Amino acid sequence: MSRAENLGQREELRIRRKSIEAEITSHCESIRHSLPLTAEPVEIDAEYIMRLSIRLNELKQELKGVVRKIEILERDLGI
């Protein structure tokens, strides 16, 4: 790959990283709102929280991969 292609891929990955981070933040906020301190246990929507948690874990794994790819590109680019 040429330097220009590597720089372009790095920028795409950085944009994807920001998108993933925003989605993670959104899911964390949703989980927090679904678990109010004053809620009774019977009021908690466990299935919704479980779906959010699973998606949060998937996003976390994706984010790790994207960060790793960025690190490799930056090392190759000497950044």
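The values are calculated or read from the model by the stated rules, or taken from the named source; none is laboratory data. Remember, predicted model here, so these are calculated numbers, not experimental data. So basically every Cβ, Gly included, is an ideal-geometry build from the backbone, and we count neighbours across all protein chains shown. Ligands, DNA and RNA are excluded from the accessible area calculation, which covers all protein heavy atoms including side chains. Shrake-Rupley method; radii C 1.70, N 1.55, O 1.52, S 1.80 Å.
Quick notes on this one:
- Filter result (among the β-branched types (Val, Ile, Thr), exposed (fewer than 10 other Cβ atoms within 10 Å of the Cβ) and part of a helix (DSSP H, G or I)) within region 16-52: 42
- Every condition in (1) under 9 Å from the mean Cα position of the chain (by Cα); (2) farther than 30 Å from residue 2 by Cα; (3) basic (Lys, Arg) holds for residue 51 except the one numbered (1).
- Taking the criterion of being open to solvent by 80 Å² or more (accessible area, probe 1.4 Å) and either part of a helix (DSSP H, G or I) or of a type in the set (Asp, Glu) (or both), the residues of region 1-15 that qualify are 3, 5, 11, 12, 15.
- Set side by side, the residues 23, 74 differ, and just one is of a type in the set (Asp, Glu) and in contact with a Leu (Cβ under 8 Å, 6 or more places away or on another chain), which is 23.
- When 20, 79 are checked against the criterion of being within 17 Å of the chain's Cα centre (by Cα) and among the aliphatic types (A, V, I, L, M), 20 stands alone in meeting it.
- Test: residue in region 68-75 that is surrounded by 14 or more Cβ atoms within 10 Å (Cβ to Cβ), part of a helix (DSSP H, G or I) and within 13 Å of the chain's Cα centre (by Cα): no
- Contact annotation: residue pairs with Cβ atoms under 7 Å, 6 or more positions apart or on different chains, pairing a residue in region 27-40 that is at negative phi with a partner that is open to solvent by 30 Å² or more (accessible area, probe 1.4 Å) and of a type in the set (Phe, Trp, Tyr), are 34/48.
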